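The values are calculated or read from the model by the stated rules, or taken from the named source; none is laboratory data. Everything numeric here is computed off the predicted structure, so don't read it as measured data. Glycine gets a Cβ as well: all are built from the backbone with ideal geometry, and neighbour counts include every protein chain shown. With ligands, DNA and RNA removed, areas are computed over all heavy atoms of the protein, side chains included. Shrake-Rupley method; radii C 1.70, N 1.55, O 1.52, S 1.80 Å.
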Amino acid sequence: MGILRVYIHSFKGLSKEAWMLAVVMLINRSGSMVLPFLGVYMTDHLHFGLKESGIVLSFFGIGSVVGSWLGGYITDRIGEFRVQWASLFLSAPLFAVIPFFTTLQGLAAIIFVQSVISESFRPANSVAITKYAAPENLTRAFSLNRMAINLGFSIGPALGGILAAVSYNFLFAVNAQGALTAGIVYVRFFRKRSILFRKKEQARKKTIKEADLVHERSAYRDTPFVVYSVFCGIFSLCFFQFFNTLPLFYRDEAGLNQTTIGYVLGYSGFVIVVMEMLLVNMAERKLTPAATLLVGALGTAVSYAMLIAGHSVWLIILSITVLSLAEILVLPFMSAITAMRSGKGNKGSYMGLNGMAVSISFIITPFLGTRVASDYGFNTLWIATGSILVVVAVALYICVNRMTPRNNHPEH
């Protein structure tokens with residue numbers, strides 16, 4: 001009962017807007033079922049080879065990097081409300097027209113454009129979370145949003161598998177409908193709130209002292225934050241093997257079939273949905289942000305290092321459990337630290353820069369991880385991953401402690 005009370009308490013204090021942002025994210029991500037089946041669609045339906053499919057998927061990663069930068073840049077200039085509704089409403093027709101592009105060049109181009117538009121949503125959404133969450137609830141607001149993402153990714157692929165069995169065209173159409181529905185819900189709830197907030201912000205800017213504006217310079221000129229983002233990117237290179245080389249390890253080394261691999265990955269999402277708010281609440285009360293990142297990154301290192309010991313199902317379950325809990329301690333705090341470092345008028349550039357650092361891993365990780373595993377073996381990959389993560393854990397701890405003393409403002 002005590003644990004239940006702590007769990008319920010972890011949701012208290014979150015604003016109605018924070019809950020609605022999570023609902024919009026849930027609708028959007030539940031409808032985001034194209035990406036998990038894009039590789040299968042290209043090989044089975046379009047008869048692309050693995051090399052051609054990899055090229056198209058790399059364009060998704062490139063678009064994600066561009067979208068993170070563009071979303072942050074535009075958000076600081078026109079506001080997160082306009083960027084989010086534009087991203088959602090433009091994504092819908094782009095999903096719908098993907099089946100009309102059947103050549104390698106055409107599909108790569110439309111996937112790149114779609115990725116730029118859809119990923120520009122992320123920094124704007126992060127800015128909206130900081131806008132509607134009280135400072136003391138900021139990390140939990142990010143955690144709530146991540147819960148919605150994980151729940152959506154659990155629903156989306158399952159529904160996508162059913163739709164893909166009927167028709168890939170149907171799959172793309174329903175994905176478009178998901179983005180459109182999310183856009184409608186978002187605009188209906190946030191339009192008036194955005195107008196009121198913008199008026200208050202304009203009044204604030206009229207009274208702000210010129211000396212205070214120096215704190216709102218670009219994230220790209222904030223050297224300690226740039227260094228912090230680089231290490232966030234290196235962490236992501238290691239962590240996001242979860243989506244690429246880890247399933248290959250399960251299949252090739254542990255001998256798991258596709259169904260069992262699906263259960264293991266689904267179990268990871270279940271752990272995050274159930275434990276995220278509780279663990280974040282406990283970490284906020286017991287640890288500093290720097291210490292939380294240290295523990296989370298070290299936990300990620302341990303989870304991959306466990307795979308060197310053996311390939312039993314129980315060891316794999318233990319490893320994925322540790323990885324899921326470590327993820328909870330890193331990703332929401334990574335976003336919250338970024339938000340706290342930024343000023344009132346440059347949150348978009350900060351979120352965009354940090355998002356770019358993470359998105360780059362979507363390009364590099366699939367290539368680098370599979371190459372190391374192929375040439376040197378999975379044990380070498382896990383040893384290298386664990387060693388890098390230990391260094392990153394210490395580096396993140398130092399970076400965050402360095403940024404904290406100045407009240408989260410950029411250094412001069």
If we keep only residues of region 27-69 that are open to solvent by 20 Å² or more (accessible area, probe 1.4 Å), at pLDDT 80 or above and of a type in the set (V, I, T), then the residue farthest from the chain's Cα centre (by Cα) is I55
Within region 245-264, can one find any residue that is among the aromatic types (F, W, Y), farther than 20 Å from A393 by Cβ and within 20 Å of the chain's Cα centre (by Cα)?
no
Exactly one of I111, I162, I55 is at negative phi and in contact (Cβ under 8 Å) with a residue 60 or more places away in the chain, and that residue is I111
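Would you check which residues across region 214-231 are in a helix (DSSP H, G or I), modelled with pLDDT under 90 and open to solvent by 40 Å² or more (accessible area, probe 1.4 Å) and list them? Walk me through how you get there before you give the answer.
Initial filter on region 214-231 (in a helix (DSSP H, G or I)): 214-216, 219-221, 223-231.
Next cut, modelled with pLDDT under 90 only: 214-216, 219-221.
Across region 214-231, the qualifying residues are V214, H215, E216, Y220, R221.
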Could you list all residues from region 373-393 that are buried (at least 17 other Cβ atoms within 10 Å of the Cβ) and either touching a Lys or Arg at 6+ places or on another chain (Cβ under 8 Å) or hydroxyl-bearing (S, T, Y) (or both)?
T385
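If you scan region 296-315, which residues turn out to be open to solvent by 10 Å² or more (accessible area, probe 1.4 Å) and without any contact (Cβ under 8 Å) to a residue 60 or more places away in the chain?
The first filter runs over region 296-315 and keeps only residues open to solvent by 10 Å² or more (accessible area, probe 1.4 Å), leaving 298-299, 302, 305-306, 308-315.
Residues satisfying the conditions are G299, M306, A309, G310, H311, S312, V313, W314, L315.
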I'd like the full set of residues that are among the charged types (D, E, K, R) and surrounded by 19 or more Cβ atoms within 10 Å (Cβ to Cβ), limited to region 338-372.
R341, K347
Please go through (1) modelled with pLDDT of 90 or more; (2) touching a helix residue (DSSP H, G or I) at 6+ places or on another chain (Cβ under 7 Å) for A86 and return the number of the only condition it doesn't satisfy.
(2)
Kindly indicate which of I149, I184, I162 is open to solvent by 10 Å² or more (accessible area, probe 1.4 Å) and under 17 Å from the mean Cα position of the chain (by Cα).
I149
